[in-house]
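The values are calculated or read from the model by the stated rules, or taken from the named source; none is laboratory data. Note that the structure is predicted; figures quoted are calculated from it, not measured. Here Cβ is always computed from backbone atoms with ideal geometry, including for glycine, and neighbour counts include all displayed protein chains. These accessible areas exclude ligands, DNA and RNA; they are computed on the full protein's heavy atoms, side chains included. Shrake-Rupley method; radii C 1.70, N 1.55, O 1.52, S 1.80 Å.
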Amino acid sequence: MSFMFHPYPYVDHDAVNVIEGRQIAPVRGVISVAKKIMALLREGKNVGVDAYPGADLRILINVLRQVSGDTAYTYVDAASLLKDAEEIRKMLLPYLPEDRDEDPVLLYGKRYDAGYAGLQEAEKVEALKRQLGTGHGLLVAGQGALAEELQDCYDVRIWVDITPRTAALNFKYGRVRNVGAGKDLPYALLMRRNYYVDFENAIALRWDLIRKGKIDLYITADTPEEMQLVTFAELRSMFEEICARPFRCRPVYLEGVWGGFYIYKLRHLPKEMKNCAWVFDMIPSEVSIVAKMGGNEFEAPFFTFIQTMGEKLLGHQAFEQFGGYFPVRFNYDDTYHSNGNMSIQCHPDADYVMKNHNELGRQDESYYVCVTAQGAKTYLGFKEENSCSEFFEEARKAEKTHELIDYEKYINAVPSIPGTQVMIPAGTVHASGRNQVILEIGSLTVGSYTYKLYDYQRIDPQTGLPRPIHLKMGSRVIHPERTSEWVRENVVNHGGLVREGRDLNGNPWKEVVVGEHDLLYFSLRNLIFWDRIEDDTDGLFHVLALVDGEKVKIASVEDPSKCYILNSLDIAVIPASLGKYTIENLGIGSVTIHKTMLKR
């Protein structure tokens, strides 16, 4: 998995959460929203409008001018508060290093945590504070308008959100640029800047505003002309409704050089897609959440939902342990009937990723094999301990000569059978082979640190260049002692029976651990049943994937109307506050639900 640089421009309209009996009437359309804001300015109120990077505020600002009539108001572009573009560039160099020997394509960086205060001129901010303190009818709009120094200077504070999918596409198609940038960067560098600086600034600011209760109005604006405005109290009420039931996020789909066709067909993806390599079904920082009330859909970033719901969603243990972040991510990797394997790769441990990337923790992963075709394998660990040095020697030569190497001489392979669970602690060499669909479950990292070690000399279809290899970084975190014997004894199908019984019709059910390891903080389990099974969050969120079966209904025991129906390979989140819930089989045959939960 990599940063979401190239999401396919497709909206999955099946992934919605229907809320019956709850009606919220947003202000809809940019003209109506502009009139609402202009009414506030007519009252002499000072209004601050901040936004997630990628949100295109130009249409809103232009329409505000059109509907202003004879209203006298002062407009301040928040960009005017920023330091000089060259000064910002130099200041960010430690976070966006340009060492192509270490990082040949400049993919990685260090997470920036100084906020908008680090990008703005203190004197300009102070001048604006004085202006807001003595003036009336001021509109300040743009990234950083609601920075901490300015928050209390407004009568009304507005946050404009867009989904990460739309943000990436807006940058890709040149609709917007980096905060304070003096010139447009190549797209890959532009998005690196976003992930380490601009997105991080906005996420931190939005979280600060939510915690302090300082968002008055909220706008969702993936399509600027069709933006919708609600009060933040209305948004919170909507989120409360979603958090009181099982729910599903709206996935993001990506093509890839090794992409397959199983989910492509299962979910009837657009025929224009070349393939479907990744399905970001529940990557917290990349997906969105949709509420459907009556005939209206309201979409917001899932991270906004997490920041708003907090402990009710995560549970006390997870909330305290991970500081309010959703600590697990989920995606499908599809190589079914594809032309090759995923790259041979590894991920960094906590010491390396925190020191070098200012990240929040180590990057562990796991693969659960859902679907296979002929010859499917999962590559995991080295064959022998000396295989590591030999493999790196061959990989370094291949990077210069562009020759193919016999990687199977060095890399251990595990036969892929549906139901196989492999765990991949940081530093373990691995790859998903062709002809399978795997459910990838990973630990909390804001970025994604996949150090590719060998990629079969493939060309990146987006850039036309060889796919990036990070042998130097990989060599620092690799564990050569994780051989085929270690893999067999430690990280494949490890667990056992948790509980079992029979339902009211006498049909058996059971819960089994399929994967646990001391280095992984989550437990991987299967719920296997024929008719129905009951479970209890007991104060910790669960994430469920229907990995074998046609259709199930997940419902609250306390209020069965709070439910969600999952189809094959769909993923649902069960909020910690839900408590007891049932899963009912709506199809034929037995069902297997893959369940992820934190260890207690």
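Once the 1.4 Å probe is applied to the protein heavy atoms, the chain comes out at 39 Å² accessible per residue. Distance from the C-alpha centroid of segment 474-488 to that of segment 242-291: 31 Å, rounded to the whole angstrom.
Phi angles of segment 99-114 translate, via the Karplus equation with coefficients 6.51, -1.76, 1.60 and θ = phi - 60°, into HN-Hα couplings of 9, 6, 6, 6, 9, x, 10, 6, 8, 9, x, 10, 5, 7, 9, 8 Hz per residue; Gly and Pro are given as x. When DSSP beta bridges are restricted to pairs lying wholly in the chain, around 85% turn out antiparallel.
All other residues whose Cβ lies under 10 angstrom from that of residue 413 are scored, Lys and Arg at +1 and Asp and Glu at -1, for a net of +1. Separation of segment 332-406 and segment 72-111, taken as the distance between their Cα centroids, equals 31 angstrom. Beta-bridge orientation, segment 43-185: approximately 10 percent antiparallel, per DSSP, counting only bridges with both partners inside.
Whole-Hz Karplus values for segment 397-412 come out as 5, 5, 5, 8, 8, 6, 8, 6, 10, 8, 5, 6, 5, 10, 9, 6 Hz, taken residue by residue from phi with 6.51 cos²θ - 1.76 cosθ + 1.60 and θ = phi - 60°; glycine and proline positions read x.
In the chain, helices alone account for a calculated mean residue ellipticity at 222 nm of -7000 deg cm²/dmol, with every DSSP H run of four or more residues adding -39,500 (n - 2.57).
Accessible surface of residue 20, taken over heavy atoms with a 1.4 Å probe and every protein chain present, rounds to 150 Å². For a test of the definition: using alpha carbon positions, the gyration tensor, and the 1.5 limit on a/c, classify the chain as rounded, prolate or oblate. It is oblate, given that a/c is not under 1.5 and a/b is not larger than b/c. Positive contributions from Lys and Arg (+1) and negative ones from Asp and Glu (-1), summed over other residues with Cβ under 12 Å from the Cβ of residue 491, come out at -4. The order of 546, 465 by accessible area, most exposed first and with a 1.4 Å probe, is 465, 546. For the listed peptides 154-160, 414-420, 120-126, a ranking on the average number of other beta carbons within 10 Å per residue, highest first, reads 154-160, 414-420, 120-126. Taking packing as the residue-averaged number of other Cβ atoms within 10 angstrom, the listed peptides 199-206, 261-268 run from highest to lowest as 199-206, 261-268.
The residue list 352, 147, 371 was ranked by how far each Cα lies along the charge dipole of the chain toward its positive end, using unit charges on Cβ atoms, and 147 comes out on top. Peptide packing: for 274-284, 215-225, 293-303, the average count of neighbouring Cβ atoms within 10 Å per residue gives the ranking 274-284, 215-225, 293-303, highest mean first. Count Lys and Arg as plus one, Asp and Glu as minus one, and take only other residues whose Cβ is under 14 Å from that of residue 439; the net charge is then -4.
With θ taken as phi - 60° and the Karplus curve 6.51 cos²θ - 1.76 cosθ + 1.60 applied, the whole-hertz 3J(HN,Hα) list for segment 59-66 is 5, 4, 5, 5, 5, 4, 5, 5 Hz, x standing for glycine and proline. Based on Cα contacts under 8 Å between residues 6+ apart, the chain shows a relative contact order of 14 percent.
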